[in-house]
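Contents: one structure, followed by commentary.
The values are calculated or read from the model by the stated rules, or taken from the named source; none is laboratory data. Since this is a predicted model, take the numbers as computed values, not measurements. Backbone-built Cβ (ideal geometry, glycine too); neighbour counts: all protein chains shown. The accessibility values were calculated without ligands, DNA or RNA, using every heavy atom of the protein model including side chains. Shrake-Rupley method; radii C 1.70, N 1.55, O 1.52, S 1.80 Å.
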Number of protein chains: 4
Amino acid sequence: MKAARGFASDNNAGVHPQILNAIAEANQGHVVGYGEDPYTRSAVAKFEEHFGDEIEVFFVFNGTAANVLSLTALTRSYHAVLCTQSAHIYTDECGAPERFTGCKLIPVPSPGGKLTVESVRSACHGIGDQHHVQPRVIGITQATEVGTVYAPEEIRILSRFAHERGMFVHLDGARIANAAVTLGQSLREATRDLGVDVLSFGGTKNGLMGAEAVVFFEKELAENFLYVRKQGMQLASKMRFMAVQLEALLSNGLWRSNACHANQMAKLLEEEVRKIPQLEIVYPVEANAVFVRMPREMISRVQEQYFFYLWNEEQSVVRWMCSFDTSEEDIRKFTKLVRETLYS
Amino acid sequence: MKAARGFASDNNAGVHPQILNAIAEANQGHVVGYGEDPYTRSAVAKFEEHFGDEIEVFFVFNGTAANVLSLTALTRSYHAVLCTQSAHIYTDECGAPERFTGCKLIPVPSPGGKLTVESVRSACHGIGDQHHVQPRVIGITQATEVGTVYAPEEIRILSRFAHERGMFVHLDGARIANAAVTLGQSLREATRDLGVDVLSFGGTKNGLMGAEAVVFFEKELAENFLYVRKQGMQLASKMRFMAVQLEALLSNGLWRSNACHANQMAKLLEEEVRKIPQLEIVYPVEANAVFVRMPREMISRVQEQYFFYLWNEEQSVVRWMCSFDTSEEDIRKFTKLVRETLYS
Amino acid sequence: MKAARGFASDNNAGVHPQILNAIAEANQGHVVGYGEDPYTRSAVAKFEEHFGDEIEVFFVFNGTAANVLSLTALTRSYHAVLCTQSAHIYTDECGAPERFTGCKLIPVPSPGGKLTVESVRSACHGIGDQHHVQPRVIGITQATEVGTVYAPEEIRILSRFAHERGMFVHLDGARIANAAVTLGQSLREATRDLGVDVLSFGGTKNGLMGAEAVVFFEKELAENFLYVRKQGMQLASKMRFMAVQLEALLSNGLWRSNACHANQMAKLLEEEVRKIPQLEIVYPVEANAVFVRMPREMISRVQEQYFFYLWNEEQSVVRWMCSFDTSEEDIRKFTKLVRETLYS
Amino acid sequence: MKAARGFASDNNAGVHPQILNAIAEANQGHVVGYGEDPYTRSAVAKFEEHFGDEIEVFFVFNGTAANVLSLTALTRSYHAVLCTQSAHIYTDECGAPERFTGCKLIPVPSPGGKLTVESVRSACHGIGDQHHVQPRVIGITQATEVGTVYAPEEIRILSRFAHERGMFVHLDGARIANAAVTLGQSLREATRDLGVDVLSFGGTKNGLMGAEAVVFFEKELAENFLYVRKQGMQLASKMRFMAVQLEALLSNGLWRSNACHANQMAKLLEEEVRKIPQLEIVYPVEANAVFVRMPREMISRVQEQYFFYLWNEEQSVVRWMCSFDTSEEDIRKFTKLVRETLYS
């Protein structure tokens, strides 16, 4: 099974060859640990190329940490974070955000995986009342957990709403590259220029071995983040090996080509799925995810050959993800199997 | 400067070539994330080869996390952890143990970097008194932070003391390999057989890119550790790349040969230092660290060429570490520079 | 305004005279602090009279603490607490439960302020999945925050559901006395006999100056609660003055007569409200609260004379509470004012 | 035994009659809860009389909470609090400060129970180093836990040291009244005028039933303290009964006369002790505590008649406290018993 490729998650893929090369090349002699090395400085400079000056960048091990530590920097424990009910921070991080920030996460009903100003406004109550947590962060995910993509204006008005109230916008960008590709934006246009305050920049799902970045678009928000990261158990000693992964991803358009490929494969998968009348596409395919409603009894039979996640058991919806290394042939083989399962 | 090697820390070294190879070989196709993959299962089996059955093993990103999450598994927030004043958990983890466990860490005076039953006993007070935190864990480091090594019997009696009182022993084994080599022990003899309950097994300082393991020697202590790790932001999605590092380290004696070499280099460095009358060896050189008292004005002059840490400013003591890749020539070059600095 | 009585909250009332007397009588000489005194022992014995043997009782300062520390005793930080969206722990404690336990509180849609097995079941997912918090406590409030009362059988089946899954039932009994009166139950019948594991026993809203109790119906759950309470900043030094309040409340049926009176006054208020056609009773009046929908413009005009809380701004619903000291005349005066406001 | 008075602690005493009267007088009609009532406003105004304008005052239930919540307001979790090894926050609060703030408390060796600039300076290291907690608060206790009193200048230079480094001074004033009496200072002179930033103002040990205040001498430090208090489970619903206690204590010099009496009784007790050659006064008697070294075998025999705390078992030192209600006759009876025990 080792050499096979499936559709369970973009993090089931391996590492892009250019990333492995970058790691191997950095394996020369000794350098100071914990980020005080030239590789890390160079990677930070690469982020500045993409996102502009006056930013602060910190590398961490995984996406949960990027999110949780971002929120830690933005909050005190009596604050609240508003997010969708399907947000990774709300449902998939085993309560790490609450545990580490002390904050309440307030789930906002969000069809299509997106917050709107209306939904956020109705969740912003009890302002100034000592009995209530105080709304502090609007947490959005781009591309969303259901594979949709916010239009730039949708993020811009959420940012404006937040800033008018002394709140912040955090963007969980585990798949920000996929969204930027969809929208034809640069990474900066997709984040900072829309008013986002802090970004969890995802690398692992886009071809890295394991490295993410927390990017602050206002330096003062990052003032003590060195301590937050260390206390959050996210300071790598051999930082260079994370730094070079991220630098390589941001070099020669690798972030874009990887994401672009994954998105195209999702489009192809969508097309194939649409040809099968018993299957229904549940969300617009705007990034690298395809959500499909399929007859319940088929699910486990297909899963015997391909592991993937049941997204919503009650509604019989499954999630199929494409990655930087998904091939057209993978999709043909997979949809062939689905079809055969259906008609057998 | 890139290709040079220094003595600042064993984590300033790069990655052993066999480790890089193992990573490259694991980069085949898709596997399920988060530890449900064959690479991880195989690595766990390798730990069982070394440590015996009835253990539980979890991989985490770094040593701070291994320590903090181990302590989390063993405590409730009203407990106390007894450790030396020089313990990594006490001084070098930015308060992460307190932050994450809620516990108080009680520093016990410890000449030579080692706890003794006497010192621990005198710190165990207020038992059963609701105003006081309740001692729960004895936290030791092997090899210690000052490069010394507990004799097996010293650990055994600490374990006995702990277990008689319903307490646990946690061993910070960032350099357990170096200690085992010194003592001529297997990894199991150096830990489990001495009564240690939970081990932070260090890999990064012994040639890995970045991977550590938490090893429970009683399965029930690990009962909910999956959640502790995830909530502690230490669950890797592409777990295979951590697993293969640890498996390679435990295969073909690599853990032992790497540590053995580092220890031998430290012995050689010690010899060279002893030839310089203005320098004084401060602690017995029993692992891969050499602590040296040197004239204050020399320190910064040598640091101009080689970065290393001032261990104790008041006492003018510096720390020099050897690693798996330190060469005899490195030591000759370095001590030559020291000598020249002294006489210039 | 001092001597007036309103309908804002049962905690706007003062202290029942018998309680003040009990405090004054306990003010004799010195006694050991922190609960090791005869007054506290006597009060605990009084709880045993009401709730039976094999319980553990701890006094704390307020209801938020009783709830939060109860949950702390029942959980680890990766657990989840299921409760209604209107639960005091969810909306009115400024995130203290999340902050102190580290747990996620999962809000369950609950018309009428009550959980049902169906609603709880659908919120119990991700069992055994390391990415998800693990459901551990079903938190119910009796009488509920909207003045309704669970039937005994409704609690019993929630308890059964919980215990079948290794979960616990916590009952926020800030107004348990009012519910027991409504149901004609003893305090034990209303709690322990229905399978409740831990009770926040409310005193302050029922005529005390300020004292609540955490009552464990299984001793082992309370094993380390002394430390939880102290670390939770809830250990009173002059405990006797809290103990005698609770003992007096549980003596000579004071808990029952106070609650009975408050309930009767709420019934009378309900009757008066029903006579005013522009007002609508929103929830069944089963305890001491009356929730009323009234024309928006009236609300602030009545509030000029009587402070009370707007419960739901969107739906124009207000909350009026009766207490142990509410008089029939108070109700007549108040409803007269309401009527005058309406027709002026 | 009820009507007897002992020397175990000043919190074993009851409530001063003027305090009970104030409570009884406040028991009139309904007032809004949670501090929005005229009694609380009046008590706050009384604090302003004593401490001057531009302060913020919050009432909490006990001293541990006053300390812990003060520290919460001054810190983030990566900060450190420097305090003496005998500090109440370090040894007697069951780790609540660590648990709630996440901070490390660094114990500074402190003969005589006092911090000095020298001792604090040597504990202030690792500034700016991400591996180390960052010193943020100097926590002092006045009168100290061993019954000594800082000279005003001693506090002033600690404050200066702190403020020069962007640090704060918190004063645990559980017995600030006793210290002010000793020094002939007003409460303001004893705190704010010496550079203290936040004060835990003690009431309970000076004749109240149970009420303490957190006093901020810079308003901005208190900006979000309403939420800190509520989330810290320290918001009283029937706040008026705490407010009137504190107001009465600060009226008509009651705080001073109570403390003065306790101090005088301690002086008398000291005199009597000095007459007994087998006893040794261990610390200068500068407030209301007398620490006595006595032959080990005597201790338990005296404890059979009078409960009191063994302060230091190894050194055979006990602590005897005087309170507002200690009488000369109490002291004579007690020292007579001690003498008889000695010679029997």
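At 1.4 Å probe size, with no ligands or nucleic acids counted, give the accessible surface of C:Asp325 in Å², nearest ten.
That residue has around 40 Å² of solvent-accessible surface.
With only Lys, Arg, Asp and Glu charged, each at its Cβ (+1 for the first two, -1 for the last two), find how big the charge dipole of segment D:202-317 is about the Cα centre; round to the nearest 20 debye.
Approximately 400 debye in magnitude.
Alpha carbon centre of segment C:57-109 versus segment D:86-155: separation in Å?
The two parts, judged by their Cα centres, are 32 Å apart.
I'd like the mean, over residues of C:33-40, of how many other protein chain beta carbons sit within 10 Å of each residue's own Cβ.
3
Out of B:Phe168, B:Phe58, B:Phe308, any idea which swings most in a Gaussian network model of chain B, alpha carbons joined below 10 Å?
Residue with maximal mean-square fluctuation among B:Phe168, B:Phe58, B:Phe308: B:Phe308.
Along the Cα-to-Cβ line of C:Ala151, 7 Å from the Cα, sits a label point; which residues in segment C:269-284 have backbone N less than 18 Å from it?
Hits in segment C:269-284 for C:Ala151 at 18 Å: C:284.
Where in chain D are the DSSP H helices whose C-alpha atoms run 15 Å or more along the long axis and whose mean Kyte hydropathy is at least 0.0?
On the way: long enough: D:38-51 (19 Å, -0.69); D:63-74 (17 Å, 1.24); D:152-164 (18 Å, -0.59); D:254-274 (30 Å, -0.64); D:328-343 (22 Å, -0.90).
Qualifying helices, which must be both long enough and hydrophobic enough, are D:63-74.
Where is the GNM fluctuation largest for chain C (alpha-carbon springs, 10 angstrom cutoff): C:Cys260, C:Cys124, C:Cys83?
Of the options given, C:Cys124 has the highest mean-square fluctuation.
Please report the accessible area of D:Lys267 (heavy atoms, 1.4 Å probe, ligands and nucleic acids excluded) in Å², nearest 10.
So the heavy atoms of D:Lys267 present about 100 Å² to solvent.
Of B:Val137, B:Val169, B:Val302, which has the largest mean-square fluctuation in a 10 Å C-alpha GNM of chain B?
The residue that fluctuates most here is B:Val302.
Please list, by residue number, every one of the GluC sites (Glu not before Pro) in segment A:41-85 that is coil in DSSP and has at most 13 other beta-carbon atoms within 10 Å.
Details: sites: A:Glu48, A:Glu49, A:Glu54, A:Glu56; in loops: A:Glu54.
Filter output for segment A:41-85: A:Glu54.
At a probe size of 1.4 Å, how large is the accessible area of D:Thr335, to the nearest 10 Å²?
Number for this one is 0 Å².
For chain C, with only Lys/Arg (+1) and Asp/Glu (-1) charged at the beta-carbon, what is the dipole magnitude about the Cα centre, in debye rounded to 20?
Result for chain C is approximately 480 debye, rounded to the nearest 20.
Based on Cβ point charges of +1 for Lys and Arg and -1 for Asp and Glu, what charge dipole magnitude is obtained for segment D:254-343 about its Cα centre, in debye rounded to the nearest 20?
Here segment D:254-343 has a charge dipole of around 120 debye.
At what distance in angstrom do the alpha carbon centres of segment A:216-235 and segment C:239-280 lie from each other?
About 52 Å separates the Cα centre of segment A:216-235 from the one of segment C:239-280.
How much of the DSSP beta bridge set in chain B is antiparallel, as a percent to the nearest 5? Walk me through the numbers before you get to the answer.
Values: 19 of 37 bridges.
Beta bridges within chain B, antiparallel portion: roughly 50 percent.
For the charge dipole of segment B:254-343, defined by +1 on Lys and Arg C-beta atoms and -1 on Asp and Glu C-beta atoms about the Cα centroid, which residue among B:Ala289, B:Leu268, B:Val302 has the Cα displaced farthest towards the positive pole?
B:Leu268
Would you tell me which residue of chain A has the beta carbon closest to the rotation axis bringing chain A onto chain B, and how many whole Å away it is?
Per the A/B rotation axis, the closest residue of A reads A:Phe61, 2.
May I ask you to list the trypsin sites (Lys or Arg not before Pro) in segment A:1-71 that are in a DSSP loop and have at most 14 other Cβ atoms within 10 Å of their Cβ?
A:Lys2
If you take every residue apart from B:Val228 with its C-beta less than 11 Å away from the C-beta of B:Val228, what net charge results, scoring Lys and Arg +1 and Asp and Glu -1?
It works out to a net charge of +3.
Rounded to the nearest 0.05, what FRET efficiency do C:Leu337 and C:Gln85 give with R0 = 56 Å and r taken as the Cβ-Cβ distance? Could you check?
Values: r = 32 Å, r/R0 = 0.58.
E between C:Leu337 and C:Gln85, to the nearest 0.05, is 0.95.
Under 19 Å from a point 7 Å along the Cα-to-Cβ line of B:Glu220: which residues of segment B:27-67 have their amide N that close?
The answer is B:53-57, whose backbone nitrogens lie closer than 19 Å to the label point.
Measuring from label point to label point, each 7 Å out along Cα→Cβ, what is the C:Glu271 to D:Glu118 span in nm?
Modelled inter-label distance: 8.1 nm.
According to the square roots a ≥ b ≥ c of the eigenvalues of the Cα gyration tensor, what is the shape class of the protein assembly as shown, taking rounded for a/c under 1.5, prolate for a/b larger than b/c otherwise, and oblate for the remainder?
Since a/c reaches 1.5 but b/c is at least a/b, the shape of the protein assembly as shown is classed as oblate.
Taking the C-alpha atoms of chain A, how large are the radius of gyration and the largest Cα-Cα span, Dmax, in Å?
Computed over the Cα atoms of chain A, radius of gyration and Dmax are 20.3, 62 Å.
From the protein chains alone at 1.4 Å, what is the descending order of accessible area for A:Asp53, C:Asp193, A:Asp10, A:Asp92, largest first?
Working: A:Asp53 110, C:Asp193 75, A:Asp10 0, A:Asp92 35 Å².
Per-residue accessible area, sorted high to low, gives A:Asp53, C:Asp193, A:Asp92, A:Asp10.
Could I have the simple spin-label model distance between A:Ser327 and D:Glu329, label points 7 Å from Cα toward Cβ, reported in nm to one decimal?
10.1 nm
With unit charges on the beta carbons (Lys and Arg positive, Asp and Glu negative) and the dipole taken about the Cα centre of chain D, which residue among D:Gly210, D:Ser316, D:Leu235 sits farthest to the positive side?
Farthest towards the positive pole: D:Ser316.
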